[in-house]
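Chemist: First the structure, which I've put down as structure tokens, then a few questions once you've had a look.
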Amino acid sequence: MERTLSIIKPDAVAKGVIGKILDRFESNGLKIVATRKMQLSRTNAEAFYAVHAERPFFGDLVDFMISGPVVVTVLEGKNAMQINRDLMGATNPKEAEVGTIRADFAENIDANAVHGSDSVENAAIEIAFFFSERDIS
Ligand code: IDP
Ligand code: MG
């Protein structure tokens, strides 16, 4: 069994598609083992995206991630990390395959509906950023 972290970003929460996105996970064999709706602080968002700190879009990314509440979820299943990445689609929704979350629910590369861990190693780090083991069941 593998775990990965998903974040439903402020654009998708504002659109009212939390349920539709969580359904994609459950319908594709991923188990929701922890989930929480929350408002990220600027400090939270900067720390979470620290790997992108030097990128030109970092400021916009942080501003966007704190523009409204998000839903942070731990998904569990065989190959959970890759399955979630496949369900998400490409970073730029215009390049995302038909039927993916980003193709269906996202407008542009800045407001692209979901985050997903990009490796099993990063998933463990990202899960620990938001949840303790007793939150996960
Ligand atoms: P990912 O979310 O598909 O893993 P990353 O490369 O890790 O993509 O980038 C993190 C987030 O930063 C993206 O989801 C997107 O919101 C934003 N981002 C990435 N590249 C760009 C860009 O070129 N312009 C604006 N925002 C970007
Ligand atoms: Mg990424």
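The values are calculated or read from the model by the stated rules, or taken from the named source; none is laboratory data. Values in this document were obtained by computation on a predicted structure and should not be read as measured data. Cβ: placed from backbone, ideal geometry, glycine included. Neighbour counts: every protein chain shown.
Chemist: Given the criteria polar (S, T, N, Q) and closer than 19 Å to L61 by Cα, does N84 qualify? Outline the logic, then answer.
Modeler: Numbers: polar (S, T, N, Q): yes; closer than 19 Å to L61 by Cα: no.
When the stated conditions are applied, N84 does not pass them.
Chemist: May I ask you to list the residues in segment 15-29 that are part of a helix (DSSP H, G or I) and either within 15 Å of ligand 1 (Cβ to nearest atom) or without any contact (Cβ under 8 Å) to a residue 40 or more places away in the chain (or both)?
Modeler: Answer for segment 15-29, where residues must be part of a helix (DSSP H, G or I) and either within 15 Å of ligand 1 (Cβ to nearest atom) or without any contact (Cβ under 8 Å) to a residue 40 or more places away in the chain (or both): G19, I21, D23, E26, S27.
Chemist: If the requirement is being surrounded by 14 or more Cβ atoms within 10 Å (Cβ to Cβ) and either at pLDDT below 95 or not in a loop (DSSP other than H, G, I, E, B) (or both), which of these qualifies: V51, V74?
Modeler: Criteria check complete, one pass: V74.
Chemist: Something else: When the residues of segment 97-123 are narrowed to those that are surrounded by 14 or more Cβ atoms within 10 Å (Cβ to Cβ) and assigned to a helix (DSSP H, G or I), which ends up farthest from ligand 2 (Cβ to nearest atom)?
Modeler: Of everything passing the filter in segment 97-123, D104 is farthest from ligand 2 (Cβ to nearest atom).
Chemist: Somewhere in segment 105-117, is a residue within 14 Å of the chain's Cα centre (by Cα) and either at pLDDT below 95 or on the phi > 0 side of the Ramachandran plot (or both)?
Modeler: Checked segment 105-117: at least one residue is within 14 Å of the chain's Cα centre (by Cα) and either at pLDDT below 95 or on the phi > 0 side of the Ramachandran plot (or both).
Chemist: Tell me which of these H52 doesn't satisfy, since it passes every other one: (1) closer than 22 Å to M1 by Cα; (2) within 16 Å of ligand 2 (Cβ to nearest atom).
Modeler: The failed condition is (1).
Chemist: Please specify each residue of segment 61-71 satisfying the condition of being part of a helix (DSSP H, G or I) and either modelled with pLDDT under 95 or more than 15 Å from ligand 2 (Cβ to nearest atom) (or both).
Modeler: D63 - this is the single residue of segment 61-71 that is part of a helix (DSSP H, G or I) and either modelled with pLDDT under 95 or more than 15 Å from ligand 2 (Cβ to nearest atom) (or both).
Chemist: Next question, about the same structure. Report, by residue number, each residue of segment 77-96 that is surrounded by fewer than 22 Cβ atoms within 10 Å (Cβ to Cβ), free of Cβ contacts under 8 Å to residues at least 40 places away in the same chain and part of a loop (DSSP other than H, G, I, E, B).
Modeler: Selection gives A90, T91, N92, A96.
Chemist: With respect to S137, determine if the residue is within 16 Å of ligand 2 (Cβ to nearest atom), over 24 Å from S41 (Cβ atoms) and of a type in the set (S, T, N, Q).
Modeler: Here the answer is no, as S137 does not meet what is asked.
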